[in-house]
1. With the chain treated as a Gaussian network of Cα nodes joined by springs under 10 Å, which of Leu96, Leu162, Leu264 yields the largest mean-square fluctuation?
2. Once the Cα atoms of region 219-267 are picked out, what are the Rg and Dmax in Å?
3. Rounded, prolate or oblate: which fits the chain when a ≥ b ≥ c are the square roots of the eigenvalues of the alpha-carbon gyration tensor, with rounded for a/c under 1.5 and prolate only if a/b beats b/c?
4. Between region 236-295 and region 129-188, what is the separation of their alpha carbon centroids in Å?
5. Given a 1.4 angstrom probe, I'd like the percentage of the accessible area of the chain that is carbon and sulfur, rounded to a whole number.
6. With a cut-off of 16 Å, note down the residues of region 187-212 whose backbone N falls inside the zone around a label point 7 Å from the Cα of Asp11 toward its beta carbon.
7. I'd like to compare 224-231, 46-53, 101-108, 4-11: which one has the highest average count of other Cβ atoms within 10 Å, and what's the full order after that?
8. Quick check for you: with a 1.4 Å probe and neighbouring chains kept, what is the accessible area per residue of the chain, in Å²?
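The values are calculated or read from the model by the stated rules, or taken from the named source; none is laboratory data. As the structure is a prediction and not an experimental result, all values here were calculated from the model. Cβ placement follows ideal geometry from the backbone for every residue including glycine, while neighbour counts extend to all protein chains displayed. Ligands, DNA and RNA are excluded from the accessible area calculation, which covers all protein heavy atoms including side chains. Shrake-Rupley method; radii C 1.70, N 1.55, O 1.52, S 1.80 Å.
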Amino acid sequence: MDRLVYGTAADATVRLIAAVTTDTVEEAIRRHETGPTASAALGRMLTGAALLGASLKEFDRLTVRIESDGPVGGITVEANNAGDVRGYVRNPAAELPPTADGKFDVRGLVGQGMFYVMRESGFDIGLHHEPYVGSVPITSGEIAEDFAYYLAKSEQIPAAVLLGVLLKKTEPFVVASGGVMIQIMPGANDHIVTMIEDTVRRAPHLTEVIKEGATPEDLLKLVLGIIDFEVLAERPVAFRCTCSYDRAFAMISALGRDEVASMLAEDNGAMMTCGFCNETYRLDDGALETMLSEL
Ligand SMILES: [Zn+2]
């Protein structure tokens, strides 16, 4: 089971979030049948959204979206405040050859475009406040740097973000996946910030230690070196969608009487596939007849 921890260091002037997301990303790429590079991109986005969501206080749904001109076309992920994430890429089969140093060319697959963050709240009390939306141009395309750039530019929070997905060619595809987000709050000591920058720069790849069984706490130790920190909260992280047969039924019903009648006349029932998780719901003629009788 994947886990995320939230903590602080240096008298709460440094906020820390770390997560291991190996199973979460496995579920995502198994559902969407993404190519290797798109899998790495989607995995980084899902992990980044989980980390960002854990640092926010008041929201019900966090959406992080890339709209870009590279082969992947776009990536959309959502996180809620319980640690559930879901998401998809526009072109799951998009692929590029590896870079000269043998890495996934996520930057090339993403291309140029915009990075959006939308926070919605008030669902629980029946109020839907105007969502908060922030956006920045894509400066890196490697995704971790784009989260950091977004935090610095749009939320005025200097941050270091590390996201990693290590894949292999056979199932389970994800060997290791996880991330760390370090947010520097006002009043942070310059010396501490420099120390963190140094240890982050020298830290081994997250996936190398996750592969060996590292926990989110271990990841924080890795990037903080000798700096003490306190873990304040933890939560499970999982790929979980909100779709269901009943929701699919309601959505088809909302198309109206004529549309449902013509689906029934064509005698093939109706199918609805959820974009977020790729689950297909099949409504047979009996279900459509029931629906029609209620419209
Ligand atoms: Zn779904």
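1. Leu264
2. Computed over the Cα atoms of region 219-267, radius of gyration and Dmax are 24.5, 70 Å.
3. Prolate, since a/c reaches 1.5 and a/b exceeds b/c.
4. 35 Å
5. Whole-percent figure for carbon plus sulfur exposure: 51.
6. Under cut-off, by backbone N: 187-193.
7. The most tightly packed comes first, giving 46-53, 4-11, 101-108, 224-231.
8. Heavy-atom accessible area per residue stands at 48 Å².
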